[in-house]
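The structure under discussion appears below in the form of structure tokens.
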Amino acid sequence: QVQLVESGGGLVQAGGSLRLSCAASGRAVSQYTMAWFRQAPGKDREFVAALAYINTSTYYAGSAKGRFTISRDNAKNTVSLQMNKLEPTDTAVYYCAADPSPALLRARYDFAYWGQGTQVTVSS
């Protein structure tokens with residue numbers, strides 16, 4: 001079983017950047033497919049990006065493609081989400097998720113383990 005803790009959220013102006021980090025304990029992130037989701041007030045939790053552990057392939061939601069990058073640091077046992085060109089519509093609580101499946105998962109209910117989330121607020 002893996003435990004996940006997110007960090008790096010905060011307040012940033014539109015056009016700025018943030019780097020979110022997800023620290024894992026209990027198991028190695030290299031043994032899990034990892035993903036980031038986000039949830040804005042009054043909205044469902046939505047997929048942002050995923051990284052499959054078996055071949056490190058990645059997949060992004062359309063809103064994230066070209067602006068966000070998911071990556072993994074095996075030495076630090078962390079997964080990061082680099083977010084550039086942030087927009088007010090990116091404002092949400094961002095969650096890290098993990099699942100032992102080798103597939104490139106994208107659905108919320110595919111992931112067994114979740115962090116508590118970190119708030120990202122983008123001002124206009």
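Each value in this text was obtained by applying a stated rule to the coordinates, not by laboratory testing. The model shown is predicted, which means the values in this text are computed figures rather than measured ones. Every residue, glycine as well, gets a Cβ built from its backbone with ideal geometry; the counts of neighbours run over all protein chains shown.
Residues in segment 5-19: is at least one among the acidic types (Asp, Glu), under 18 Å from Tyr94 (Cβ atoms) and surrounded by 13 or more Cβ atoms within 10 Å (Cβ to Cβ)?
yes
Consider only pairs whose beta carbons are under 8 Å apart and that are at least six residues apart or on different chains; among these, list those whose first residue lies in segment 63-79 and is closer than 11 Å to Arg19 by Cα and whose second residue is among the basic types (Lys, Arg).
Cβ pairs passing all conditions: Val79/Arg72.
Regarding Asp110, is this residue over 10 Å from the mean Cα position of the chain (by Cα) and in contact (Cβ under 8 Å) with a residue 40 or more places away in the chain?
no
Taking the options Gly42, Gly16, name whichever one is assigned to a loop (DSSP other than H, G, I, E, B) and in contact (Cβ under 8 Å) with a residue 40 or more places away in the chain.
Just one listed residue meets the conditions, Gly16.
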